[in-house]
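What follows is calculated from the coordinates using simple rules that are stated; it is not laboratory data. This one's a predicted model, so the numbers in the text were calculated from it and none came from an experiment. Virtual Cβ from ideal backbone geometry, glycine too; neighbours counted across all protein chains shown.
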Amino acid sequence: MPTKMLLDCDTGVDDTMAILYAALHPDVELLGVGSVWGNVDVETATRNSLHTVHLAGRGEVPVARGAAGPLAGWPAGTDPVYAFHVHGDDGQGNAGTGRAVGRAVAETAAEQMVSVAKAHPGEVEIVAVGPLTNVALALGLCPELPALVRGITIMGGAANAPGNVTEVAEANIWHDPEAAAAVFNADWPLTMVGLDVTMRTTLDESHRATLAAGGTIGQYTSRILDFYFDFFAREAFGERRSCLHDALAVAVACGSLEPTLAPTVNAHVVVGEGPTRGQTVCDLRGMYMGFPAQEGAHCRVVLESDPAFGDAVVALIAGAGDAAIDLEQP
Ligand code: BDR
Ligand code: CA
């Protein structure tokens, strides 16, 4: 049975690949997409999410607009912080069509999360691959949400790996630590797919070539990865390749990627000011004993998975054929 999934994204380049993977993979029943601020502003994220579901020929999947900023608001005197330098001004590597396709539903992303969970009690996996603001808002709207879903899988955090915004904080957690803390503290099975595996699962020029040789869905994906590769060459790897990040969370959630090491441990998010703000502190002290069970632990932390998993994601997207929408740039 495919996994019923509600996918929440701050739709930049890797989120786009995650939506494509979820929309195209037979092990996923994609019930809805929510957009959230993060990589880009929420309007751009919503436009990109709509564009992507239509790109995949899945225009019937409802897309709901979510939060425009962090739970606690923007710190006084600061401007919103996005990641245009990573994902391009359009969140599509400055290679998108800019085309507005379809319309968001009337519900907010948090409302959609609650209504989808209530419509399928115990069956839905929430997969959140942006800041956790929408999920925290949904918990506020419906405190019994944890009992209504199968669980939640996030792309976010770092257990042993260094951070990618600060020394210790990963972007999705760092953007809204208060929201992330609410999500980590809620009583539900939480799977954390963090930088421990997503920095080690990369795409290179051979993957882009495979995508470019596919139909127009693959060609578009290859096109938006160009700018993203430049960022990682500059800031992370010293050569043109990129992380896959968000698609890994979708794959772990639907079971198409089985982690090779993923202990269930106690974990919490550091809030408050200071150099550890946004850190995910995971209790890995049991590692020398094969991770014995911990009282009250409900966070499965993915520490190892197949680093070649990008091949499977690329094969799915490259083989998806042609898009029903016009992908010419203006
Ligand atoms: C995460 O932050 C965003 O830039 C990516 O889309 C991914 O979800 C990686 O830290
Ligand atoms: Ca993301």
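General remarks:
- Among LEU261, LEU30, the ranking by other beta carbons within 10 Å of each residue's beta carbon, starting with the fewest, stands as LEU261, LEU30.
- Check: the chain dipole with +1 on Lys, Arg Cβ and -1 on Asp, Glu Cβ, in debye: 240
- Assigned charges on the beta-carbon of Lys, Arg, Asp, Glu; segment 155-223 dipole about Cα centre (debye): 380
- Normalising the Debye intensity of segment 178-305 to I(0), with uniform scatterers on Cα atoms only, and taking log10 at q = 0.20, 0.21, 0.23 Å⁻¹ returns -1.16, -1.21, -1.30.
- Model label sites at ALA106 and ARG200, defined 7 Å from Cα along the beta-carbon direction, differ in position by 4.9 nm.
- Förster radius 41 Å - calculated FRET efficiency between GLU43 and TYR288 (Cβ-Cβ, nearest 0.05): 0.25
- FRET E, pair HIS85, ASP226, Förster distance 22 Å, beta-carbon r, rounded to 0.05: 0.95
- For the pair ASN94 and ARG234, the difference between a 0.36 nm per residue extended length and the Cα-Cα distance amounts to 48.7 nm.
- Segment 114-164: GluC sites (Glu not before Pro) in DSSP loop, at most 12 other beta carbons within 10 Å: GLU144
- Relative contact order, percent, the chain [alpha-carbon distance under 8 Å, six or more residues apart]: 20
- Segment 145-223: relative contact order as a whole-number percent, Cα under 8 Å and 6+ apart: 31
- In percent, rounded to a whole number, the relative contact order of segment 217-328 is 30, using alpha-carbon pairs under 8 Å and six or more apart.
- Among TRP174, TRP188, TRP37: highest mean-square fluctuation, GNM of the chain, C-alpha pairs under 10 Å: TRP188
- Residues ILE19, ILE325 in ascending order of nearby Cβ atoms (within 10 Å, fewest first): ILE325, ILE19.
- Gaussian network model of the chain, springs between alpha carbon atoms under 10 Å - residue of ALA315, ALA159, ALA110 with greatest fluctuation: ALA315
- Here's the picture: charge each Lys and Arg Cβ at +1 and each Asp and Glu Cβ at -1 in the chain, and of MET287, GLY88, VAL135 the one pushed furthest to the positive end of that dipole is VAL135.
- Viscosity 0.890 mPa s, temperature 25 °C, Stokes-Einstein D of the chain from Kirkwood C-alpha radius, µm²/s: 127
- Extreme residue, positive dipole direction of the chain, given options THR108, PRO177, VAL197 (C-beta unit charges): THR108
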